[in-house]
Amino acid sequence: MLIGLLFLVLAALELMTGAAAGGGPRMLFGGLAVSGVWTVVHLLTGAAAVFCTRSPRWAARFLLVAGACYAVAGLAGLLPLPDVVTEALPLNNAGICLDLAAGTAMLILGAGWLRRGPARPR
């Protein structure tokens, strides 16, 4: 639930910067490049995370899938990408670090949650 709320707050902050209005990438907190596409991605990620809190297994699977997606996005930011991709999903150093950190954290949490298994009654 906490991760979903963090993504929803991030999307709300992006909306306040006017990222959804278009006109190219905007800067959040003076360093994080955001765009309308990133705002939609963060809104969908937050909504999916909140929805997946209904079941521990759903939450763990969400963390693994979303974590892998964000880690891949961070790794892709290290590669030279075509201009079409970088205009829709701008990635600067801060964005790459944030995506790699969030992806890694979600992968670790999801893997630990699945490994722990369901709670046993005492």
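Values quoted throughout were computed directly from the atomic coordinates according to the rules given, and no laboratory measurement underlies them. Just so it is clear, the model here is predicted, and its values are computed rather than measured. Ideal geometry is used to build each Cβ from the backbone, glycine not excepted, and the neighbour counts take in all protein chains shown.
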Counting sequence-distant residues (5 or more places) and residues on other chains, those with an amide H built under 5 Å from that of Leu28 are Ala33, Val34
Under the span-like rule (Cα at least 30 Å along the axis, Kyte-Doolittle mean at least -1.0), DSSP H helices of the chain: 56-77, 93-116
Summing -39500 (n - 2.57) over every DSSP H run of at least 4 in the chain, dividing by its residue total and rounding to the nearest 500, the 222 nm mean residue ellipticity is -22500 deg cm²/dmol
Return the distance in nm (one decimal) between the two label points of a simple spin-label model at Val72 and Thr17, each offset 7 Å from Cα along Cα→Cβ. 2.5
By the C-alpha gyration tensor axes a ≥ b ≥ c (rounded if a/c is under 1.5, else prolate when a/b exceeds b/c, else oblate), the shape of segment 1-82 is oblate
